[in-house]
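The values are calculated or read from the model by the stated rules, or taken from the named source; none is laboratory data. Bear in mind the structure is a predicted one, so any value in this text is a computation, not a measurement. Glycine also receives a Cβ, built like all others from the backbone with ideal geometry; neighbour counts cover every protein chain displayed.
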Amino acid sequence: MAQLQGGALPALYLGLFSTCLCYFLQTKAQQYVAPPVAGVTLSMESIFGSLFSVLLGLELFRINMLLGGLIITLCIVLLNAPDKKENPDALVRA
């Protein structure tokens, strides 16, 4: 039992809850969400990860974080903008 107190217990916890459980819930939830919505949500993961890391004091804010977040957000907005040639409500109903 002495070996578990070194670091194996935290690694086991992270492996089970932060990885297995979260990926299982994410996969199950994607069944009920439209693919464009799931894609937008998953692409925002890096932005929220950086934001919480800065807010929790685990990482210093850098300008390249802001620029990267703005680029990702701009790409998401442009990819989800309706095409003028198509039905403008097509993405809203998806």
Exercise for review: Go through the residues of the range 54-69 one by one and say whether even a single one is in contact (Cβ under 8 Å) with a residue 12 or more places away in the chain, surrounded by 13 or more Cβ atoms within 10 Å (Cβ to Cβ) and among the β-branched types (V, I, T).
Suggested key: no
**Study point:** 3 or more residues at pLDDT below 85: qualifying helices (runs of 4 or more DSSP H) within the range 1-59
**Key:** 9-13, 35-43
